[in-house]
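A short write-up of the structure that comes next.
The values are calculated or read from the model by the stated rules, or taken from the named source; none is laboratory data. Remember, predicted model here, so these are calculated numbers, not experimental data. Don't worry about glycine lacking a Cβ; one is built from the backbone with ideal geometry, like all the others, and counts go over all protein chains shown. Surface accessibility is based on the protein's heavy atoms, side chains included, excluding ligands, DNA and RNA. Shrake-Rupley method; radii C 1.70, N 1.55, O 1.52, S 1.80 Å.
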Amino acid sequence: MADVDEPDVPDVDDPGVGALPGGDLDELTDEERDALNDADVEEEEEEFDLTPLFLEWVEEHLAVVEYTHSDKSTAAWCPEWWKHPEAVERLWASFEARQQAKIDAAEHADALSDWWLTHWDRHAAILFDAKAGPFRSCDRNLGHLHDTEGRRDQRVPYYAPPADWQR
């Protein structure tokens, strides 16, 4: 049988084995230590996608809290709410604030009540406003931008200030 090449095993008694390029660990600068730590721990922090939780929250929250199913209701709603950037931003902000309120509730008994008053009630008043809210041109039964035949309302024009502008 042929000899199998065995990997070189370092001699642990050799003083050069495992030595740091710059010498003793105590002699390293803070920057060199940081570089060694970064090299040892090359883990990429994984960002957690909250989108599925957000979508679940929107569905559950609106199903439980908001009642816009009656013909007597004046609340505007669009079944394709995600096509309205303002609505998405308001719902996302409410969702994140709600998550924080649930965490804060452990130490502050009124955290959830504050969320209702400070966040949801204010956003809901605008979201469901049939005259000025983001769904004003939609119909909850007939669909997205029903009243405008698919045309979007004109957005506020925006021009970037000159490069040397300061506040």
* Structure fact -> Scanning the range 133-167 for residues that are of a type in the set (A, V, I, L, M, F, W, C), open to solvent by 100 Å² or more (accessible area, probe 1.4 Å) and modelled with pLDDT under 80, the one farthest from the chain's Cα centre (by Cα) turns out to be L142
* Out of all the residues in the range 79-98, which are among the charged types (D, E, K, R) and either within 13 Å of R122 (Cα to Cα) or in contact with a strand residue (DSSP E or B) (Cβ under 6 Å, 6 or more places away or on another chain) (or both)? -> R90
* Which one of these does S94 not meet: (1) more than 17 Å from L55 (Cβ to Cβ); (2) open to solvent by less than 80 Å² (accessible area, probe 1.4 Å)? -> (1)
* Asked: From the residues in the range 119-132 that are within 21 Å of the chain's Cα centre (by Cα) and touching a residue at least 12 places away in the same chain (Cβ under 8 Å), which one is surrounded by the fewest Cβ atoms within 10 Å (Cβ to Cβ)?
  -> H123
